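This report refers to the structure that appears directly beneath it.
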């Protein structure tokens with residue numbers, strides 16, 4: 001377990017993804033009360049909207065550093081920590097008229113513990129667009145691998161298990177509570193779909209070869 005609690009999912013089917021621990025900072029208030037006739041300083045969060053203060057999606061990441069999170073993601077996915085965090089925020093702060101990119105950018109350090117700078121709406125949009133592009137490219141790469149007969153059914157199951165573990169870990173970091181039953185059901189459904197994709201693509205290749 002590292003200081004920031006960020007570890008890769010284990011391959012043991014019975015193991016749960018690791019939790020992210022706080023950095024151990026002491027937030028206990030001082031014993032002394034306010035001094036007489038001396039005005040207390042305004043709270044730093046006085047201008048922060050209530051919905052921003054209550055946002056708890058990345059609370060498990062308290063104490064984590066951007067470089068550590070980014071390294072973890074780049075080792076296992078195509079996306080950066082910036083793209084992951086902003087894509088999540090764009091989903092959570094979507095209204096009927098669109099994504100609240102200004103609100104996200106101005107409050108980014110309050111929303112995501114490992115992000116230290118504010119962003120312009122244009123920078124938020126760029127990060128979200130980059131995430132979308134990488135998801136499409138990764139999806140095309142994976143689907144081609146499943147359809148082109150490079151893998152046996154068993155090898156494809158292994159690949160699916162590994163990528164599902166990483167995805168589940170990220171969901172748990174975001175605060176999603178997954179039961180063991182839900183995890184197993186999701187894994188089985190995904191594996192079943194991918195086996196059907198492999199079988200259908202094989203039928204298609206055989207049909208073209210016969211023409």
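The values are calculated or read from the model by the stated rules, or taken from the named source; none is laboratory data. Small disclaimer: the values here were computed from a predicted structure and weren't measured. Because the Cβ atoms are built from the backbone with ideal geometry, glycine has one as well, and the counts that use them run over all protein chains shown.
Summary of computed values
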{"quantity": "Flag if residue 127 is over 30 Å from residue 102 (Cβ atoms) and surrounded by 17 or more Cβ atoms within 10 Å (Cβ to Cβ)", "calculated": "no"}
{"quantity": "Residue list for region 134-156, restricted to those being loosely packed, with under 13 Cβ neighbours inside 10 Å and either in contact (Cβ under 8 Å) with a residue 40 or more places away in the chain or under 21 Å from the mean Cα position of the chain (by Cα) (or both)", "calculated": "136, 137, 139, 140, 141, 148, 149, 153"}
{"quantity": "Counted residues, region 75-100 - those being more than 18 Å from residue 58 (Cα to Cα) and touching a helix residue (DSSP H, G or I) at 6+ places or on another chain (Cβ under 8 Å)", "calculated": "4"}
{"quantity": "Any hit, region 56-70, residues being modelled with pLDDT of 55 or more, exposed (fewer than 10 other Cβ atoms within 10 Å of the Cβ) and either more than 20 Å from the chain's Cα centre (by Cα) or not in a loop (DSSP other than H, G, I, E, B) (or both)", "calculated": "no"}
{"quantity": "Residue within region 143-157 that is in a helix (DSSP H, G or I), outside the structural domain of residue 55 (by TED's automatic domain parsing) and within 30 Å of residue 59 (Cβ to Cβ) present", "calculated": "no"}
{"quantity": "Boolean, residue 169 is part of a helix (DSSP H, G or I), touching a residue at least 12 places away in the same chain (Cβ under 8 Å), surrounded by 14 or more Cβ atoms within 10 Å (Cβ to Cβ) and out of contact with any strand residue (DSSP E or B) (no Cβ under 8 Å at 6 or more places or on another chain)", "calculated": "yes"}
{"quantity": "Odd one out for residue 115 among (1) surrounded by 14 or more Cβ atoms within 10 Å (Cβ to Cβ); (2) in a helix (DSSP H, G or I)", "calculated": "(2)"}
